[in-house]
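Following: one structure in structure tokens, then a few remarks.
Bear in mind that the values in this text are calculations on the coordinates, not laboratory data. Keep in mind that what you see is a predicted model, and the values were worked out from it rather than measured. Neighbour counts are summed over all protein chains in view; Cβ atoms, including those assigned to glycine, are modelled from backbone coordinates with ideal geometry.
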């Protein structure tokens, strides 16, 4: 995401919003209240729709309405994504709602950044060599797998892994972390485990739960 976000207040004038969009070459801006919470979004579509409505009103009533502000023309409630959501979640939401920009909010719905379709496309253009290095780092540093135990190949963002780890629980961690890496399109894992520690742990819980 981008953490430097162009924003407006509900009382920002229509013309000022239009100037900001043109000046920064963006398709929309979040509208924030006094506590930096996102209350809506003004897009180019919102701006273009309002003058047409105003013109119809002029014809019908013979008098122009007061100049509109951002709060009058914004789309609300705003479609947002939380900072802890994945890039894939953001991409699906953008596609489903047909939007170009998605405000990113914290647990209190305060703005922390914005993600655009361009950002997501850039993420999926991450070089295969860089993705492969990140996966190898995860294997050794995060999962604790000795170098060489798992072979990693990456082609067009598709990660293929072959080899063996010590414990089955390591597989779950490995899959979960690699799938969330920026640039990873899919994961094909043929990694197996020497020991099924997950089954042993479940059995241990069952024994302790048995009445003796």
Nearest 10 degrees is fine. How inclined is helix 87-97 to the longest principal axis of the chain, computing both from alpha carbons? 40
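Please figure out what share of the DSSP beta bridges in the chain is antiparallel and state it in percent, rounded to the nearest 5.
Values: 20 of 32 bridges.
Here the antiparallel bridges make up roughly 60 percent for the chain.
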Sequence-separation-based contact order of the chain, relative, with Cα cut under 8 Å and 6+ spacing, percent: 15
Any idea what angle helix 14-24 forms with the longest principal axis of the chain, computed on alpha-carbon atoms, 0 to 90 degrees, nearest 10? 50
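Arrange the peptides 129-136, 190-197 so that the one whose residues have, on average, the most other Cβ atoms within 10 Å appears first.
Working: 129-136: 16.0, 190-197: 13.6.
The peptides rank, most packed first, as 129-136, 190-197.
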Calculated [θ] (222 nm, deg cm²/dmol) that DSSP helices of n ≥ 4 give over the chain, each run adding -39,500 (n - 2.57): -12500 deg cm²/dmol
How tilted is helix 44-61 with respect to the longest principal axis of the chain? Cα atoms for both, answer in degrees (0 to 90, nearest 10). 30
Among (1) 18.6, 57; (2) 20.9, 68; (3) 25.0, 89, only one was calculated for this model; which label is it, if the read-out is Rg and Dmax of the Cα atoms in Å? (3)
